Amino acid sequence: MLSGRLRAAVAGLAIAVLAGVTPAAAQAAFVKGSPSGGDPYFPKAGNGGYDVSRYNLNLRYQPSVNRLVGKATIRARAKKSLSRFDLDFRHLDIKGLSVHGKRARYARRGQELKITPRHGLRKGSRFDVRVHYHGHPRPVIDPDGSEDGWIPTDDGAFVAGEPQGAPSWFPCNDLLTDKAAYRIRVTVPKGKAAISNGELVKRIVHGRHKTFVWDEEAPMATYLATVTTGNFSVKQPRIDGIPSVVAIDPRESEAAATLARMPAMLKLFATRFGTYPFGTTGGTVDHAPNVGYALETQTRPIYDIAPDSRTVAHELAHQWFGDSVSLRRWHQIWLNEGFATWAEWSWVEHQGGDTTRQTFNRLYAKHGPNDRAFWDPPPADPGGPRNLFVTSIYARGGMALEALRQHVGTQTFFQILRDWARQHAYGNAGTKQFIDLAEADSGQDLGHFFHVWLYRPGKPRGWASSARSLPTDHRSGEGAGRPMAALDQLR
Ligand SMILES: [Zn+2]
């Protein structure tokens, strides 16, 4: 994600876990699935006890009245023998719900949709949940005050699910680690287009309506799904040899020139990060100026207004870092944003602008130790969901990677990035795994380095070598004990 705004701070939340054994003797072996996915930043998001393999969404949307009718089929596998399980689903009304084709009882509490199938689901068994729903979808207000999910616009909707908006338009297991394949079929009035993820399989005109059928077979986290709808000029060029869809709101037509640079970006990133991870690419440029951010929706980022080329580079870099390799938990967000920010700087360098080293030096010189709003919170410890998208996650996160490049050498640095993208492709990984990989690839103990850059509050100093093996700098009067070698980083 890339935001035009700054957002502020909040404390963490506790995990609420409800799990137990049903009292009925006949059901003794069956338990309730957890209503929590276990992420401390969003304890109600996600659920336990099953794993989704596919979402089949059949949607009909009427932009003039913001009315959505949906039929969702969710294919999942029970990880425990379940007497009951939860989905995440917000606000919309349910017309019918079945499990294995049989009507099932359900109850709703906040975003939890609690489903009791007629018969228990045995551990390891596959099951289909069908939910028929309708209503007027609305965005979710996040802890930092911003909106995500289904955001109505003057001609349709901007649909961006990070971090918790997916359940505003489809029932799901809204959990980073439960990726699935998607088929999304959307019917809209004939003049409109509905742009989703992956391959555009079909466009069917019937009477006054048009149906778009989209397939994304690569595993996708719920927050990366979209069906951004409105007036769009839709083109299907090949971008660096990859089939793509580029959709631009006519009011943002100047975006075409910027998006035309995607082949050069994808080429650059493929040489640095490894092969582009998905079968399709492109972008959707909406006219939604109130949204205030762009999002790296899988295969096809969405932009609220015509983006500059740095923003496009940022969202494309997320296809490797965020979409293919996804977080395990939200507090690891710097693995998305720091990486996309560094990639943005490398695109600037590639274009003949500042080198990544010059960008680092400029930021390091400009922001003194008292500029806590720039340096804090440290990237790997945001301190709460309200800080997920603040400046330090992006800028200091990107600087941490540039400091790493200078510390281990460019060749080793790119080896680390490529190994990261390859070893965790289509999966999930966290900060500790990144540190382990960087140490393995470089053959160095990087514990002190990463502690300084990722975890220690305040302006990073003295990361260049392990604190115990260096002479300390007592001359400046401040920060006694800090290694002199830190100053080398400024050259
Ligand atoms: Zn981003």
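For region 55-67, does any single residue satisfy the condition of being modelled with pLDDT under 95 and in contact with a Pro (Cβ under 7 Å, 6 or more places away or on another chain)?
Narrowing region 55-67 to residues modelled with pLDDT under 95: none.
Scanning region 55-67 turns up no residue that is modelled with pLDDT under 95 and in contact with a Pro (Cβ under 7 Å, 6 or more places away or on another chain).
Looking only at region 278-304, which residues are within 16 Å of the ligand (Cβ to nearest atom) and assigned to a loop (DSSP other than H, G, I, E, B)?
Once the filter is applied, which keeps residues that are within 16 Å of the ligand (Cβ to nearest atom) and assigned to a loop (DSSP other than H, G, I, E, B), region 278-304 yields Val291, Gly292, Glu296, Thr297, Gln298, Thr299, Arg300, Pro301, Asp304.
Would you mind finding the one in Thr258, Thr229 that is in a strand (DSSP E or B), among the polar types (S, T, N, Q) and surrounded by 16 or more Cβ atoms within 10 Å (Cβ to Cβ)? Lay out the reasoning, then the answer.
Details: Thr258 fails: in a strand (DSSP E or B).
It is Thr229.
Where the second residue is modelled with pLDDT under 95 and the first is part of a loop (DSSP other than H, G, I, E, B) and lies in region 79-92, which pairs have Cβ atoms under 8 Å and are six or more apart or on separate chains?
Going by the 8 Å Cβ cut-off, the qualifying pairs are Ser81/Ala29.
Quick test for you: out of Arg396, Arg362, Arg422, pick the one residue that is surrounded by fewer than 23 Cβ atoms within 10 Å (Cβ to Cβ) and touching a residue at least 24 places away in the same chain (Cβ under 8 Å).
Values: Arg396 fails: surrounded by fewer than 23 Cβ atoms within 10 Å (Cβ to Cβ); Arg362 fails: touching a residue at least 24 places away in the same chain (Cβ under 8 Å).
Just one listed residue meets the conditions, Arg422.
Tell me, please, whether a residue that is under 14 Å from Glu315 (Cα atoms) and outside any loop (DSSP other than H, G, I, E, B) can be found in region 232-244.
Here is the first cut: in region 232-244, the residues under 14 Å from Glu315 (Cα atoms) are none.
Checked region 232-244: no residue is under 14 Å from Glu315 (Cα atoms) and outside any loop (DSSP other than H, G, I, E, B).
Here is a yes/no grid of residues against (1) surrounded by fewer than 22 Cβ atoms within 10 Å (Cβ to Cβ); (2) of a type in the set (S, T, N, Q):
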site	(1), (2)
Asp240	yes, no
Val246	no, no
Glu254	yes, no
Ala270	yes, no
Thr280	no, yes
Asp308	yes, no
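Among the numbered conditions (1) assigned by TED's automatic domain parsing to the domain that holds Ser392; (2) within 11 Å of the ligand (Cβ to nearest atom); (3) out of contact with any strand residue (DSSP E or B) (no Cβ under 8 Å at 6 or more places or on another chain), tell me where Phe339 comes up short.
Every listed condition holds for Phe339 apart from (3).
Which of the residues that make up region 327-376 are over 23 Å from Met220 (Cα atoms) and not in a helix (DSSP H, G or I)?
Gln351, Gly352, Gly353, Asp354, Thr355, His367, Gly368, Pro369, Asn370, Asp371, Asp376
The values are calculated or read from the model by the stated rules, or taken from the named source; none is laboratory data. This structure is a prediction, so every number in the text was calculated from the model and none was measured. Reconstructed Cβ throughout: ideal geometry from the backbone, glycine too, with neighbour counts over all protein chains shown.
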